[in-house]
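For reference, the structure discussed in these notes is given below.
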Amino acid sequence: MAIYHQYTPMGTPRPNHRFVEGGKTITYYPQPYVEYLDAVQAQLKRDNALDDTFFEVIKYAFRS
């Protein structure tokens, strides 16, 4: 039985950055993207989809 997820794929946005004391740069993603990744991860865990075969299934599904 196939499980369908409600999340439309989202491309990775360009990261934002800011400069802090000491000349360091902090790189971060916009909050909506972080929330999207958290929601997808939670959905995969709820469906018990993160097992030993996860990457094999993904690799097979998207091979050309």
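Observations, loosely collected:
- Number of positions in the stretch 48-57 that are under 16 Å from the mean Cα position of the chain (by Cα) and outside any helix (DSSP H, G or I): 2
- Of all residues in the stretch 16-47, those being polar (S, T, N, Q) and part of a strand (DSSP E or B) number 3.
- Residue list for the stretch 21-46, restricted to those being touching a His at 6+ places or on another chain (Cβ under 7 Å) and either farther than 18 Å from Gly11 by Cα or surrounded by 14 or more Cβ atoms within 10 Å (Cβ to Cβ) (or both): Thr25, Ile26, Gln43
Residues are listed down the side, and each one gets a yes or a no for (1) at pLDDT below 85; (2) not aliphatic (A, V, I, L, M):
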{"site": "Asn16", "(1), (2)": "no, yes"}
{"site": "Gly23", "(1), (2)": "no, yes"}
{"site": "Tyr28", "(1), (2)": "no, yes"}
{"site": "Glu35", "(1), (2)": "no, yes"}
{"site": "Val40", "(1), (2)": "no, no"}
{"site": "Ala61", "(1), (2)": "yes, no"}
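- Any chance Thr53 is out of contact with any Ser or Thr (no Cβ under 6 Å at 6 or more places or on another chain) and surrounded by fewer than 10 Cβ atoms within 10 Å (Cβ to Cβ): no
The values are calculated or read from the model by the stated rules, or taken from the named source; none is laboratory data. Values in this document were obtained by computation on a predicted structure and should not be read as measured data. Note that each Cβ is placed from the backbone with ideal geometry, even for glycine, and that neighbours are counted across all protein chains shown.
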